[in-house]
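Written below as structure tokens is the structure these notes are about.
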């Protein structure tokens, strides 16, 4: 078998932010690059080489995951939500609002990942303590803010979401 | 960074995966959660020619009791092991350990089977599974066999599995009444991996005497190490804090870990005794409930 045939592109079908995409991908294509380069959804960021920083965090089948450590082929048949899928038209998701209200970002590079992890947290724990928020963010690193306003932003959002 | 080119095949059953392994030979690797494999491939530490995806196999995700065992399918992600009612009820130490792996996102993808088969000396599950006297069902084209945990972790990143085998199930004996299990970990502050850790399974009589103990230590060797001197110091004794403390001081006996830039060998050996004490105390407290 020739090398090209062995490493052949694979067809995948992935639903991203509610839209189904059929694509051919190299097996080695990481989900984060598929989202950014093939689907032009550049809100998900590549921050490190070591699966530590969480700037690449998206939701896959309802769970927060690091898209830099998932192959696009592993997302075949999956439902993926990115930061672009959070707002409802012109209406920000409460977590996005919280980051605005409480100045939860400076450069903004970690922010989409922080928000996606926070959204997942609040879906399963609507009234988290500060400690629970901090533990939930262990997989998301920020070099700018020192994290305090990130926690405040998420608390603000949790309050808003509980009040409905 | 991204991996070198490789071919990808999706298995739809364990039998199909075994056939694919036979067809693609040594240059193929198995993909489960991929949270040890893909980082290694991105750094080009490993460049397999073919990946055989086990994640596309439906099943292998049960958590159920069967006779005297808790059976955990190999493809269960750590988050599901940590949150399982059965695990939390019967094997709290396993829930502890699974909840301390990596971070939220990693726990949503990494699998118990992958962690066990990868046998990272800095991993959590091999340590607690050693304390819990687990066994592992591995399947080849010739059939299934069961390997006890004490025979399983043979060296750094090395297990008793053969190259033609797939781990399908983790079996953990259900501890009888009067038992408590716990896991305590000193994580590396950046990576979160184990610097040292301890898992404990303590069986306690109502009078407070220790019937039996299994204590495993991580971070001091090429795999989990049973702290036999500690276990012997507990057996038959009243489980007071003094007895536990004295037993824990032996947790690093006859170990010879390497030092590293974060933790010297002496520091690791000392912290092993500290974390052994934490794990034993927590297990005893649960046993007494």
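If the requirement is being buried (at least 23 other Cβ atoms within 10 Å of the Cβ), touching a helix residue (DSSP H, G or I) at 6+ places or on another chain (Cβ under 9 Å) and farther than 28 Å from residue A:138 by Cβ, which of these qualifies: B:52, B:101? Let's see the steps before the verdict.
On the way: B:101 fails: farther than 28 Å from residue A:138 by Cβ.
Step by step, each of B:52, B:101 is checked, and only B:52 is buried (at least 23 other Cβ atoms within 10 Å of the Cβ), touching a helix residue (DSSP H, G or I) at 6+ places or on another chain (Cβ under 9 Å) and farther than 28 Å from residue A:138 by Cβ.
Among (1) away from chain A (no Cβ under 11 Å); (2) in contact with a strand residue (DSSP E or B) (Cβ under 9 Å, 6 or more places away or on another chain), there is one condition residue B:33 misses while meeting the rest; what is its number?
(1)
Restricting the search to the stretch B:1-27, which residues are closer than 17 Å to residue B:139 by Cα and in contact with a strand residue (DSSP E or B) (Cβ under 7 Å, 6 or more places away or on another chain)?
Residues satisfying the conditions are B:11, B:14, B:17, B:18, B:20, B:21.
Do you know which residues across the stretch B:84-111 are within 12 Å of chain A (Cβ to nearest Cβ) and either in contact (Cβ under 8 Å) with a residue 12 or more places away in the chain or over 29 Å from residue A:31 (Cβ atoms) (or both)?
Filtering the stretch B:84-111 for residues within 12 Å of chain A (Cβ to nearest Cβ) gives B:99-110.
Hits for the stretch B:84-111 are B:99, B:100, B:101, B:102, B:103, B:104, B:106, B:107, B:108, B:109, B:110.
Can you pull out every residue in the stretch B:36-53 that is within 11 Å of chain A (Cβ to nearest Cβ), outside any helix (DSSP H, G or I) and touching a strand residue (DSSP E or B) at 6+ places or on another chain (Cβ under 9 Å)? Before the answer, list the steps.
Keep residues of the stretch B:36-53 that are within 11 Å of chain A (Cβ to nearest Cβ), which gives B:36-44, B:47-51, B:53.
Next cut, outside any helix (DSSP H, G or I) only: B:36, B:43-44, B:47-51, B:53.
Once the filter is applied, which keeps residues that are within 11 Å of chain A (Cβ to nearest Cβ), outside any helix (DSSP H, G or I) and touching a strand residue (DSSP E or B) at 6+ places or on another chain (Cβ under 9 Å), the stretch B:36-53 yields B:48, B:49, B:50, B:51, B:53.
What number of residues within the stretch A:124-137 are touching a residue at least 12 places away in the same chain (Cβ under 8 Å) and within 13 Å of another protein chain (Cβ to nearest Cβ)? Reasoning before the result, please.
Step one: list which residues in the stretch A:124-137 are touching a residue at least 12 places away in the same chain (Cβ under 8 Å), which gives A:126-128, A:130, A:133-134, A:136-137.
This time we only want the ones that are within 13 Å of another protein chain (Cβ to nearest Cβ), so: A:128, A:133-134, A:136-137.
Total satisfying the criteria: 5.
Can you name the residue in the stretch A:18-63 that is in a strand (DSSP E or B) and within 9 Å of chain B (Cβ to nearest Cβ) and is also surrounded by the fewest Cβ atoms within 10 Å (Cβ to Cβ) among such residues? Can you show your working first?
First, pick out the residues of the stretch A:18-63 that are in a strand (DSSP E or B): A:19-25, A:30, A:57-60, A:63.
From what's left, within 9 Å of chain B (Cβ to nearest Cβ): A:30, A:57, A:60, A:63.
Values: A:30: 25, A:57: 33, A:60: 22, A:63: 18.
Of everything passing the filter in the stretch A:18-63, A:63 is surrounded by the fewest Cβ atoms within 10 Å (Cβ to Cβ).
Can you find even one residue in the stretch B:130-140 that is farther than 23 Å from residue B:81 by Cα and either in contact with a strand residue (DSSP E or B) (Cβ under 8 Å, 6 or more places away or on another chain) or part of a strand (DSSP E or B) (or both)? Give the derivation first.
Taking the stretch B:130-140 as the starting set, the residues that turn out to be farther than 23 Å from residue B:81 by Cα are B:140.
Add one more test, that the residue is either in contact with a strand residue (DSSP E or B) (Cβ under 8 Å, 6 or more places away or on another chain) or part of a strand (DSSP E or B) (or both), and what stays is B:140.
Within the stretch B:130-140 (the criterion being farther than 23 Å from residue B:81 by Cα and either in contact with a strand residue (DSSP E or B) (Cβ under 8 Å, 6 or more places away or on another chain) or part of a strand (DSSP E or B) (or both)), the answer is yes, since at least one residue qualifies.
Evaluate the stretch B:189-205: report whether one residue or more is under 23 Å from residue B:87 (Cβ atoms), outside the structural domain of residue B:160 (by TED's automatic domain parsing), modelled with pLDDT under 95 and outside any helix (DSSP H, G or I).
Initially, the stretch B:189-205 is screened for residues under 23 Å from residue B:87 (Cβ atoms), giving B:192-194, B:197-204.
Now restrict to residues that are outside the structural domain of residue B:160 (by TED's automatic domain parsing): B:192-194, B:197-204.
Of the ones still in play, those that are also modelled with pLDDT under 95 are B:192.
Right, trim to outside any helix (DSSP H, G or I) and you get B:192.
Yes, because at least one residue in the stretch B:189-205 is under 23 Å from residue B:87 (Cβ atoms), outside the structural domain of residue B:160 (by TED's automatic domain parsing), modelled with pLDDT under 95 and outside any helix (DSSP H, G or I).
Yes/no per residue for (1) surrounded by fewer than 20 Cβ atoms within 10 Å (Cβ to Cβ); (2) closer than 15 Å to residue B:70 by Cα; (3) at pLDDT 95 or above:
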{"site": "B:108", "(1), (2), (3)": "no, no, yes"}
{"site": "B:115", "(1), (2), (3)": "no, no, yes"}
{"site": "B:122", "(1), (2), (3)": "yes, no, yes"}
{"site": "B:129", "(1), (2), (3)": "no, yes, yes"}
{"site": "B:136", "(1), (2), (3)": "no, yes, yes"}
{"site": "B:156", "(1), (2), (3)": "yes, no, yes"}
{"site": "B:180", "(1), (2), (3)": "no, no, yes"}
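Out of all the residues in the stretch A:97-115, is one or more in contact with a strand residue (DSSP E or B) (Cβ under 7 Å, 6 or more places away or on another chain), touching a residue at least 40 places away in the same chain (Cβ under 8 Å), closer than 19 Å to residue B:105 by Cβ and not assigned by TED's automatic domain parsing to the domain that holds residue A:60? Explain how you work it out, then say what you get.
Taking the stretch A:97-115 as the starting set, the residues that turn out to be in contact with a strand residue (DSSP E or B) (Cβ under 7 Å, 6 or more places away or on another chain) are A:113.
Narrowing the set further to residues that are touching a residue at least 40 places away in the same chain (Cβ under 8 Å) leaves A:113.
Going one step further and asking which of them are closer than 19 Å to residue B:105 by Cβ, we end up with A:113.
Those still in the list that are not assigned by TED's automatic domain parsing to the domain that holds residue A:60 too: A:113.
Yes, the stretch A:97-115 has at least one match.
The values are calculated or read from the model by the stated rules, or taken from the named source; none is laboratory data. From a predicted model like this one, the values you see are computed outputs, not experimental measurements. Please note: Cβ atoms are built from the backbone with ideal geometry, for glycine as well, and neighbour counts cover all protein chains shown.
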